[in-house]
1. If I take R0 = 41 Å and measure r between the Cβ atoms of D298 and E17 in this structure, what FRET efficiency does the formula 1/(1 + (r/R0)^6) give, to the nearest 0.05?
2. What Kirkwood hydrodynamic radius do you get for the range 1-123 when you take the inverse of the mean 1/r over all pairs of distinct Cα atoms, in Å?
3. Rounded to the nearest Å, what's the spacing between the alpha carbon centres of the range 60-85 and the range 293-328? Just the number, please.
4. What is the antiparallel percent of DSSP beta bridges lying wholly in the chain, to the nearest 5?
5. Roughly speaking, what is the centre-to-centre gap between the range 150-171 and the range 14-37 when only Cα atoms are used, to the nearest Å?
6. Give the Cα extents of the range 236-297 along the principal axes, in whole Å, largest first.
7. Any idea how far the Cα center of the range 188-253 sits from the one of the range 88-128, in Å?
8. Could you identify which residue out of A271, A183, A158 has the top mean-square fluctuation in a GNM of the chain using Cα springs shorter than 10 Å?
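Derivation of every value follows stated rules applied to the coordinates shown; laboratory data play no part. Owing to the predicted nature of the structure, the values given are computational and were not obtained by experimental measurement. As a convention, Cβ positions derive from the backbone with ideal geometry for all residues, glycine included, and neighbour counts pool all protein chains shown.
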Amino acid sequence: MKALRKLAPGEGLALEEVAPVGAPGLGEVVVAVHAVGVCGTDLHIDEWTPSYHFMAPSLPVTLGHEFSGVITALGEGVTGLSVGQLVSARPSTTCGTCAACLANDPDHCNTRRGIGVARNGAFASECIVPARNCIPIPAGVDADVAAMAEPLSVSHEAVRVGGVSAGQRVLVLGPGNIGQGIALFARAAGARQGVVAGHGDGARMAVLRSMGFTDLVDFAETGGIEAGLAPYLAEGRFDVVIEATGAAAVIAPAQRALAPHGVLVITGIHAAPVPVDLVALVRNHQQIRGSYRAPEADWPKVVDFMVEHQDALQHMVTHRVPLARAYDAFALARNKIATKVIVQPMLDVA
């Protein structure tokens, strides 16, 4: 079968023929991949940015951690799942043997490995997944939407970490897949206003409009961040600011846009340290919180959200391509043409 792989440290990926995954091991299942999303993480791995050099000991590895598919085989000891069932998956696999795992606290496992990062992932016709990581998808949910369970869990966690509540004003920096999900969850949490801002993001802003968002700012059209936010800051600073860009230049203005006692949530992966105005932080009683993966217990909430809001979420899937065109999929994601590019390996098999 074909697989999109990172073969060695350095820039670039390879689409190559690999052996089928074989039989699942103890506690594992084989998943025939129906949809796998191109993520910012995949772009960083392709470019080999410094924040992903930790992968080197795991190479070569098949990428792909945002996915859904149908179970085709069950390993020994697997219960609660069945062949033919549509699932997504939590990509962070736990060891089961560290102190946290033995204490039934897998969220704090200190030797976790990521599917598509440290073990083979879903940019292939099939992959092997620990059964405990599988998330059953209810009937009626499209496989493409199901593949967004992981990025939606990241968006859900950012809103939870920010403590977004009814009546608050929220600024989301970054209108990509994660930012759009954040806007959706903030709206569902009752935010009075959700402003989403970006730079040169016309296509993604159009997706947000299709989902009913109107407070949209493209800094490329306003002459910069300060000018773009000025009309909104005239009404007062934001209760919560959530950064989903990974761009160091937005952090200082994000903090300036934050109200006293406000919360700035960082979800972007930054390749280098970023300066913070600690005097303003202290005097304004502001908080800066990091947000990354969601707790395992929150994934069912994300699935419930997918079921309830599938019509809106379908707007986020802007492009679908076969695995044979994986390089095109990466170009679409990198050039801000797409919100979520879904690769469909089954198209190569058909």
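1. Numbers: r = 38 Å, r/R0 = 0.93.
After rounding to 0.05, the efficiency reads 0.60.
2. Numbers: mean 1/r = 0.0646 Å⁻¹.
With all distinct Cα pairs of the range 1-123 included, I get 15.5 Å.
3. Computed from Cα coordinates, the inter-centre distance equals 17 Å.
4. On the way: 30 of 57 bridges.
Taking every DSSP beta bridge with both residues in the chain, the antiparallel ones total about 55 percent.
5. Their Cα centres are 33 Å away from one another.
6. Principal-axis extents of the Cα atoms in the range 236-297, largest first: 34, 29, 19 Å.
7. The distance from the Cα centre of the range 188-253 to that of the range 88-128 comes to 34 Å.
8. Its mean-square fluctuation being the largest, the pick is A271.
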